[in-house]
Amino acid sequence: SAFEPMAEEKPAQPRAIVAPAALTSAFKKLQPHLQTLLALMDKASPYAAQATVLARRLYAEVQARREYLPLVFGFIMVFFGGNFLCLIAAVEAFRLTAYERTRKAVTDLHTNYVRAREAYKKDDQVDANGDGVVDVKQVGQQELLTRKALVVLRSVDPTQVQDALAAVYIGLMAVIAALRIQFAQTVTLGASLGEILCKAASRYVEPSALQVVPAEYHKWVAPGMRYICICFAVSVAWFLQRIVSSFHCAVRGAEILTAAGLALAVRQGLVTGDIQEGSPLFSTVAAGVAGLGVAFQVWMGFSLPFPFSIAFLPVRFAEWFLSQVVGTMAGQAAVV
């Protein structure tokens, strides 16, 4: 009847995690590689933790002295900007095109990483059957990899991660595109100058060269002279580009250095009054600093003096690597 006691319901048993067949097959194929990757991550985790602690300390020190950062960056741009053309151009292009979007993307990626790490650690403590032994120690390696992958997939926001990765990629491509266009113009200018030199060399130099070179090597005279002329013209174009970029870096750095220096002088009581950017005094000081920086770089032959050549060694390596990448892409663009 309606008044009969209801049957006692049994407590629901925890559902086992069952992965789709396709996903299980994929993880089975990737199992050896994933095991190697996990082993490497386990070995590298202590060093990564130490690096993270060191980076946080360094960031804290930088934040404590952040008022001096514009002075340092402005000084480097004014007096050594010609040595870091690609890096400074990349920073400027990134700041203008992709900084805000990429900053938000990195924040979103870090948020999802922290969320996945917390879920990963929490899963290590799960004991669904209540036997006193955590579940991760009662499964095989393949099932453990599948379980952890599903934990990570459940904890992160795929749309947010996809948008963040796309934003980072677009930011990098924007920087590469800006550098490629800028330096492809330099290579194209060098090639055009080389063609002009080749015409003059074929008219005035080639006849004399043919009289000196043995007859069996005459066929190499014209291609060799063309190669020499183009290489010389491209070198001249790069030198002119270095001068132009050094002037730009000196002007931009002089504005940063002057603004930071005058602000620091006002805080220290060395200068009275608030000197605004664009005022006659500010413009005069910035122009003098920029001119001094350009003159110093030209006098040094666009090279780093000791001990700055040692102190900036990592930055020089980054500049060399970026210049090789961009130079290759620009050369391909110029050829096409």
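The values are calculated or read from the model by the stated rules, or taken from the named source; none is laboratory data. The structure displayed is predicted, hence computed values, not measured ones. Neighbour counts are summed over all protein chains in view; Cβ atoms, including those assigned to glycine, are modelled from backbone coordinates with ideal geometry. Heavy atoms of the whole protein, side chains included, go into the accessibility calculation; ligands, DNA and RNA do not. Shrake-Rupley method; radii C 1.70, N 1.55, O 1.52, S 1.80 Å.
Which residues, taken from the stretch 143-158, are surrounded by 15 or more Cβ atoms within 10 Å (Cβ to Cβ) and of a type outside the set (A, V, I, L, M, F, W, C)? Step through it out loud before you land on a result.
Taking the stretch 143-158 as the starting set, the residues that turn out to be surrounded by 15 or more Cβ atoms within 10 Å (Cβ to Cβ) are 143-152, 155-156.
Matches in the stretch 143-158: Glu143, Thr146, Arg147, Lys148, Ser155.
Within the set Lys122, Lys104, Lys137, the sole residue that is in contact (Cβ under 8 Å) with a residue 60 or more places away in the chain and of a type in the set (Lys, Arg) turns out to be Lys104.
Against the definition (free of Cβ contacts under 8 Å to residues at least 24 places away in the same chain, surrounded by 15 or more Cβ atoms within 10 Å (Cβ to Cβ) and of a type in the set (Gly, Ala, Ser)), how does Ala167 come out, yes or no? Talk me through it step by step, then tell me what you get.
Values: free of Cβ contacts under 8 Å to residues at least 24 places away in the same chain: no; surrounded by 15 or more Cβ atoms within 10 Å (Cβ to Cβ): yes; of a type in the set (Gly, Ala, Ser): yes.
Answer is no for this residue.
Taking the listed residues Ile256, Ile243, Ile196, the one that is within 30 Å of Leu96 (Cα to Cα) and out of contact with any helix residue (DSSP H, G or I) (no Cβ under 6 Å at 6 or more places or on another chain) is Ile243, with no other qualifying.
Residue by residue through the stretch 201-235, note down the ones that are small (Gly, Ala, Ser), closer than 30 Å to Ser323 by Cβ and out of contact with any Gly (no Cβ under 7 Å at 6 or more places or on another chain). Please lay out each step first, then the result.
Keep residues of the stretch 201-235 that are small (Gly, Ala, Ser), which gives 201-202, 208-209, 215, 222, 224, 233, 235.
Still in the running and closer than 30 Å to Ser323 by Cβ: 201, 224, 233, 235.
The answer is Ala201, Gly224, Ser235.
The conditions of being in a helix (DSSP H, G or I), closer than 27 Å to Ser303 by Cβ, open to solvent by less than 40 Å² (accessible area, probe 1.4 Å) and among the β-branched types (Val, Ile, Thr) are met by Val187. Within the stretch 53-65, the set of residues being modelled with pLDDT of 70 or more and either open to solvent by 60 Å² or more (accessible area, probe 1.4 Å) or on the phi > 0 side of the Ramachandran plot (or both) comprises Val53, Leu54, Arg56, Arg57, Leu58, Glu61.
To keep it simple, each residue is scored yes or no on (1) under 30 Å from Leu85 (Cα atoms); (2) in contact with a Lys or Arg (Cβ under 7 Å, 6 or more places away or on another chain).
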residue	(1), (2)
Gly140	no, no
Glu143	no, no
Ser155	no, yes
Leu179	yes, no
Phe183	yes, no
Tyr227	yes, no
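Taking the stretch 116-134 as the range and being open to solvent by less than 90 Å² (accessible area, probe 1.4 Å) and under 24 Å from Val168 (Cα atoms) as the test, only Ala116 passes.
In the stretch 190-221, the residue that is nearest to the chain's Cα centre (by Cα) out of those that are among the small types (Gly, Ala, Ser) and open to solvent by 50 Å² or more (accessible area, probe 1.4 Å) is Ser192.
Number of residues in the stretch 71-115 that are out of contact with any Ser or Thr (no Cβ under 9 Å at 6 or more places or on another chain), open to solvent by less than 30 Å² (accessible area, probe 1.4 Å), of a type in the set (Val, Ile, Thr) and closer than 23 Å to Phe183 by Cα equals 1.
Go through the stretch 67-165 and tell me which helices (runs of 4 or more DSSP H), entirely inside it, have 1 or more residues that are over 25 Å from the mean Cα position of the chain (by Cα) and at pLDDT 75 or above. Reasoning before the result, please.
Values: elements: 69-80, 85-97, 99-123, 141-155.
By residue number, 99-123, 141-155.
Scanning the stretch 284-311 for residues that are out of contact with any helix residue (DSSP H, G or I) (no Cβ under 9 Å at 6 or more places or on another chain) and among the β-branched types (Val, Ile, Thr) returns Thr284, Ile310.
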